[in-house]
Amino acid sequence: MPLLFLGFWIILNGRIALEVVLLGIFVSAAMSLFTYRLIGFPFTEEKKVWASFGLHLIPYFLLLLKGIVIANFQMIRIILSPRMDIQPQIVYFKSPVKSDFSKILLMYSIQLTPGTVLCELEGDRFGIHAISPAMADGIDNTIFARKLKRIEQQDSEGGQ
C-alpha cells in the first residue's frame, strides 16, 4: 500500500523531484499506518497478498487495460449505431475465484469495463448489470476470471 500511495502522490504532484519523492515517502508511510489502523488490516497480511499476487499484477492490469479499451469500442459502436441494440439485463453467477482479494479484483475489473456494472456481491454470488446481451454473455468466464483462477492455482501449488 505504501507504494500505491507514493505513486498516487507523484501523480498528483505532476512532477518527479527529490523533494516531492522524499515528502511522498513520508506521507505514504503515514497514510499506510493510518489505513492499517483504520481498517484493521495488518501489514503482514498485505505482504502475503503481494507475495502471492505481486508478480501477476502487472500482466493482469495490462490485460485489464486491453479489456477496457475493447469494451469502450463496443460501447461506442452501440451508441453510434442508428438502431441502438440496448437490452439491459442483470446476470447472476457464482464466483469462479475463491480468495477475497481475487473476488475484489474481479469485481473492480467488471466495474471498470464499460457497459457492465456490479449490482451485488454477496459471498460467492455476483450480480452484474449488462447493457447488452453481448456484454452479459459469458461474464462468469471472462478472461479476467480465468486469469485470476490461474493465479490462485499457481499460488496454491507453489505454497504446498
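The numbers here are math on the coordinates, done by the rules we state, and not lab data. Everything numeric in this text was worked out from a predicted model, so none of it was measured. Here the Cβ is made from the backbone with ideal geometry for all residues, glycine too, and neighbour counts use every protein chain on show.
For region 50-109, what class follows from the C-alpha gyration tensor (a ≥ b ≥ c being the square roots of its eigenvalues): rounded when a/c is under 1.5, otherwise prolate if a/b is larger than b/c, else oblate? The shape class here is oblate. Dipole magnitude for the chain: computed about the Cα centre from +1 point charges on Lys and Arg Cβ and -1 point charges on Asp and Glu Cβ, it is near 260 debye. Scan (1) 9, 29, 31, 22, 8, 1; (2) 8, 24, 28, 26, 10, 3, 1, 0; (3) 10, 39, 40, 10, 0 for the value of P(r) over Cα pairs in 10 Å bins from 0, in percent calculated from this model and give just the label. Label (1) holds the value from this structure.
On a full-extension model of 0.36 nm per residue, what is the gain between F61 and M84, subtracting their alpha-carbon distance, rounded to one decimal in nm? Let's see the in-between values first.
Values: separation 23, 0.36 × 23 = 8.28 nm, distance 3.05 nm.
This chain segment gains 5.2 nm when fully extended.
Computed over the chain, the per-residue total of -39500 (n - 2.57) for DSSP H runs of n ≥ 4 gives a 222 nm mean residue ellipticity of -22500 deg cm²/dmol, rounded to 500. Highest GNM mean-square fluctuation among F93, F43, F34, for the chain modelled with Cα contacts below 10 Å: F34. Other residues whose C-beta falls under 13 angstrom from the C-beta of Y92 contribute a net charge of -2, scoring Lys and Arg +1 and Asp and Glu -1.
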